[in-house]
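Just so you know, all these numbers are worked out from the coordinates, no wet-lab data involved. As the structure is a computational prediction, the values presented were derived from the model and not from experiment. In this analysis, Cβ positions are derived from the backbone assuming ideal geometry, glycine residues included, and neighbour counts consider all displayed protein chains.
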Amino acid sequence: MTDPLKQYLDLYRAEHSRIAAGSCPAMNAHRDAALRQLEAHGLPTRRTEEYKYTAVRDALAPDYGLNIARLPLAADPHKLYHCSLPNIGARTCYIINDTVGPVPTAGSEDAIRVVPFAKADEEMRGFIGKYYHSTVQSYDALASLNTLLAQEGLLVLIPKGHRAVQPLQLVCFADAKADLMANRRLLVVAEEGAEATLLICEHASSSAHYLTTQVTELVLGERARVELCSVEETGSNCTRFHNIYADLAAGAALKLNSVTLTCGHSRQTTEVRLAAPEASVEANGAVTAAAEEHADHNILVRHDAGDCRSTLRYKYVLDGNATGAFAGKVYVAPGAQRSHSEQTNANLCVSPTAHAFSQPMLEIYADDVKCNHGSTVGKLDETALFYMRQRGIPEAEARLLLQHAFVNDVLRHIQPESLRQRLSLLVEKRFRGELRRCDGCRMYGGTATNAPTPPEP
Amino acid sequence: MLEIRNLCAEVEGKPILRGIDLTIRDGEVHVLMGPNGSGKSTLCHVLVGNPKYAVTGGSATFNGKDLLALPPEHRSYEGLFMSFQTPTEIPGVSMTNFLRAAVNARRKYRGEEPLGASEFLQLLREKRKLVGLDAHFMSRGVNEGFSGGERKRNEIFQMAVLAPTFSILDETDSGLDVDALRTVAEGFNALRTPRTSAMVVTHYQRMLDYLRPDFVHVLMEGRIVRSGDASLGYAIEERGFDWIRDEAATAQPEPQP
Ligand SMILES: Nc1ncnc2c1ncn2[C@@H]1O[C@H](COP(=O)(O)OP(=O)(O)OP(=O)(O)O)[C@@H](O)[C@H]1O
Ligand SMILES: [Mg+2]
């Protein structure tokens, strides 16, 4: 087998001038370095520790097309696409594949700037260049591939001291008529004391196979507070690699919520650097996967300074032949005293053919720390199931209540309340097999409710 | 109402019930007593269809239906209720959601519409009063963090909400303080009608005082070795089980293996 990376490198070598032409100088400045890294380190194999559970080579092997010529969107995405989390945000921006849709103007209260990279690179001299790729500290093949090929990106800038009241919502749709690779880039800069909530919804209405690499960079200034919630509701023909990199200054607080309702092959790599004292990160992950779905979270939190805090909570409900993987590592640098970290991963395998892999890790080089981690893999509680059935709750409903409660235990940490409620409802619908099916997706439903539901009228 | 014939059951391959015969008619309350490990809870679980217990012989007929052929939820719809000796904790499933699911599943079975939100809350309010269960328990997970006594009270509350025709109470009195026991027993009595029956497992005379059972049975090593009226219960309270064991041994010698 030829190296699946070869076709991407060949494509870049052949098309680099067109790729650069459809992009902005700040992005182009990093491409050659990315190429050299990929040439030097290549793709991970099954023996690569960080990618033990996700077969990157298989995922990249098919021949995907790219929108190098930057064909524009055919119609206004606000009219074309329906998000299952409507009206959560004050402002909603659409990204179709890797093309940023029209950015709605902000209300008078809303000082958040949402600007496509190209425009930002012109209007705000040096800004993108200063932050773009600044948070990517270590080599990751998917991040490098993204840096090599991504042509568009979106900047979200929360200016100094601004406290956003309502969330900003990014609705992302995979919509491809032919097999497509899309490389998306987001840069979130929260300046000193800024506060905002961001919601990213990942949907698919693709009839063809879709491969996406996504890099989200977050730069939090001193005492900035950002809550980023990403919701995934894609389908069996989607392969998604999402890399999140975050750098936190002193006293900054980041909350990363990730909810996977449905997916195809999904991998999220998260690296958070608590770079200065009293920074904190809270990562809440909920995964519901069934059929042949594959959801893999790999998260690294670096306590590079003392007096920082990290909390990781990940819960998976796995049905059918689904695979759920979790690897969390909390690294405490030498001298990062009074670090505080809690890490839990709990998995519920509701079918005997579902697989859970759980690997919480601690690497500590300071002595005055309080760090713990725990992980569980279990089945539905038979005693509780029987108790409910005795009361007349049908078995399928009883299973659903238990699974829903299991996931709600993570969702309860998500803000705002309207979003939490909506997510909880979507999780319930998902367990009932009632989630709106993405066109062309072959999935879904849990074992308890296997019958396909008719499409919504 | 309930006819049990030569019922045999095992748990994890170990025979526990070795031929139970028992008839309970409409309106009757039967008390089941017996030493620890004699099979009382096993009988209760077998009747409500706990899949952990395997029936190896005999029959149980409930209002003419073959009880043992029904899944647990259908036994519930047919009117069976069990108050568990150790009620299960279901973290994250609120009492309200749990009971709404139970009430509406039962209504669906009968071809009725789901209960409206206000009617449902009214029902909960009314039944909570009956057993003295505070409103805040409704938003907590089922038995989540409930004390032993609160769990027992919660069992009778659920019984009141579901209005069964045949109730099985497995040591509901254990773990209740004296006042709680009175409230719970009075609540239970208030729910009694000439058409409802019960099988009550207890170790204590106080329960006999409150319930005034029609019959008392003694279970030993998986068999009912003696039946009588309430006075049998009081005799056990006074004299223990040994005399019954001795008499049973002479009257009914163990069959040779
Ligand atoms: N799940 C189980 N696995 C193994 N043995 C069991 C199980 N459940 C019950 N048993 C055994 O079956 C026998 C009868 O138990 P059961 O709970 O019916 O007794 P009981 O009469 O209710 O006693 P108590 O008065 O202590 O409640 C005991 O020896 C018990 O250890
Ligand atoms: Mg018992």
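Which of A:Asp381, B:Asp170 has the fewest other C-beta atoms within 10 Å, and how do the rest follow up to the most?
Sorted ascending by nearby Cβ count, the order is A:Asp381, B:Asp170.
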Quiz prompt | Cβ neighbours within 10 Å from other chains - mean over B:102-111 | solution = 3
Self-check item: Calculated SAXS-style log₁₀ I(q)/I(0) at q = 0.10 Å⁻¹ - the stretch B:2-251, Debye, Cα scatterers
Solution: -0.48
Self-check item: chain A, relative contact order [Cα under 8 Å, separation at least 6], %
Solution: 10
Practice problem: Determine the shielding of peptide A:392-404 by partner chains: average, over its residues, the number of Cβ atoms on other chains within 10 angstrom of each Cβ. | Solution: 6
Quiz prompt | Where only alpha carbons of the protein assembly as shown are counted, the Rg and the Dmax (Å) | solution = 31.4, 103
Quiz item: For A:Val100, which sequence-distant residues (separation of 5 or more, or a different chain) have an amide H within less than 5 Å of its own amide H, given hydrogens modelled in the peptide plane?
Solution: none
Exercise. Taking H placed 1.01 Å from N in the peptide plane, check which residues at least 5 places from B:Val200 or on another chain put their amide H under 5 Å from its amide H.
Key: B:His30, B:Val31, B:Leu32, B:Leu169
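Quick check on my link table: of A:Lys52/A:Lys329; A:Lys315/A:Lys370; A:Lys119/A:Lys177; A:Lys379/B:Lys52; A:Lys329/A:Lys370, which ones sit more than 18 Å apart, alpha carbon to alpha carbon?
Cα-Cα > 18 Å for A:Lys315/A:Lys370; A:Lys119/A:Lys177; rest within.
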Practice problem: Two decimals is fine: what is log10 I(q)/I(0) at q = 0.16, 0.19, 0.20, 0.23 Å⁻¹ for the stretch A:205-322, from a Debye sum with one equal scatterer on every Cα and no solvent? | Solution: -0.73, -0.93, -0.99, -1.19
Self-check item: Burial ranking of peptide ranges B:15-24, A:200-209 (average Cβ count within 10 Å, highest at the top)
Solution: A:200-209, B:15-24
Quiz item: Compactness ratio of the stretch A:16-75: Cα Rg over 2.2 N^0.38 Å, N = residue count?
Solution: 1.47
Quiz item: For the stretch B:17-63, what is Rg from Cα atoms divided by 2.2 N^0.38 Å, rounded to two decimals?
Solution: 1.20
Practice problem: Tally the DSSP beta bridges in the protein assembly as shown and give the antiparallel ones as a percent, rounded to 5. | Solution: 15
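Quick one, could you list the DSSP H helices from chain A stretching 20 Å or more along their long axis (Cα atoms) with average Kyte-Doolittle hydropathy of 0.0 or above?
Both cut-offs are met by A:395-411.
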Quiz item: Tilt of helix B:148-162 relative to the longest C-alpha principal axis of chain B, in degrees (0 to 90, nearest 10)?
Solution: 70
Practice problem: Starting from the amide H of A:Ala208, placed 1.01 Å from N in the peptide plane, find each other amide H under 5 Å away whose residue is 5 or more places distant or on another chain. | Solution: A:Ala176
Quiz prompt | Relative contact order (%) - criterion: Cα under 8 Å, at least six apart; region: the stretch B:2-251 | solution = 27
Quiz prompt | Added length on full extension, which subtracts the Cα-Cα distance from 0.36 nm per residue, A:Gln359 to A:Leu80 | solution = 96.3 nm
Quiz item: Using the count of nearby Cβ atoms within 10 Å as a rough guide to exposure, how do B:Arg239, A:Arg57, B:Arg5 rank from fewest to most?
Solution: B:Arg239, B:Arg5, A:Arg57
